[in-house]
Structure formats: structure tokens, C-alpha cells
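Every number here is computed from the coordinates shown, using simple stated rules; none is lab data. Please read these numbers as outputs of a predicted model, since none were measured by experiment. Glycine gets a Cβ as well: all are built from the backbone with ideal geometry, and neighbour counts include every protein chain shown.
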Amino acid sequence: LPLHPLPPKWQLLVECLLIQLVPECRLGVAANLQLPADSRERLKKITDIQRVIAKEIPQCCSISAKVHYLKGYTLPLLLLIAAHSPPELRRSLWCYLREWMYIKPALDGNQLMAMGYKPGKLFKEILDSLLMATLDGEVDGEEQAVAWVGQHYPLHEVPGSAT
């Protein structure tokens, strides 16, 4: 689930309309409409961010690379960009917004501890790597996840883990 709550629907719709204006006019209209600061900030940055995303996403050769790149942006910003993007980019953004951002690794920290791994910085690395493997279709389900973790993070090579 998104970390940032969505603004009200009316506000997103107004922003969607304002994006149609030339960038120089957007902020003045947004100020006259007394839109909140976060809304004005999105309208200020959206053209540049859309340009960067449109350049970077096609260069990502895997779903995990796209997710890794897009997770740095807020949900409202991505919704607005998706609404005003060419079909190829929109397809990737909608996949991220509808599906990819909700995918979780097949294992959690408790399961890693049950496998003999000690809590610590390595947990995040293992879970992030497992998520990327899941997104890219290398891992499907708990059984494959256990095997994948064992192969990529063998207990005998992990400092401080049970052997």
C-alpha cells in the first residue's frame, strides 16, 4: 500500500486539467485556486520528472528494474504522469500502479529466522533481492523462495548465522 495518502479525487482531477496548461501558467492558476503546497509542488516538477521517467523506464530491461526506479516517486505523481504519457510508458506505469507495487517476497523475516538467519542488515538485502527475483519471475511461491535464498545466501557463508 502507498506510503503517502492520495489527495482527494477532485484535487487530482484539477491537477490533471492544469497539466494541460503551459508550465509557466500552471502555478499561477494553482495558486489562484488555493491548491495545497504538495499539489503546487507536483505541478511545478511534473514536466521534468515525466521527461526523466520517459527516458529511464524504456531502458529498464526487467520488471524489477522498473519497480526499483519507480518506487522513488509518489503515487499521486505517478498517476498524473500516467494520465499524460504515451501508450508505451503508460503501460509500464499502470502495471506498476495496479500490480507490481503490491507484490511482496514469498518469505518474511520470521521465515528467514526459522531458516537459521540472524536478524540484521542482511535481512533487508535478502528480502529486497528476493522481491526482485519474484518480480522477474525467477521465484514463484514459498518453496522456490526457500531454495533461492539458500542458493544465493548460503547459511555457511553468512556471518553470524546458525550453521
Next item on the list: Quick one: in the range 54-76, of everything that is touching a residue at least 40 places away in the same chain (Cβ under 8 Å) and assigned to a helix (DSSP H, G or I), which residue is farthest from Leu130 (Cα to Cα)?
Entry: Pro76
Note to self: Residues to consider are Asp38, Asp48; find the one that is within 30 Å of Asp136 (Cα to Cα), of a type in the set (Asp, Glu) and assigned to a helix (DSSP H, G or I).
What the structure shows: Asp48
Notebook entry, point to check: For Pro154, are the conditions met, namely being surrounded by fewer than 12 Cβ atoms within 10 Å (Cβ to Cβ), under 30 Å from Ala31 (Cα atoms) and not charged (D, E, K, R)?
Noted result: no
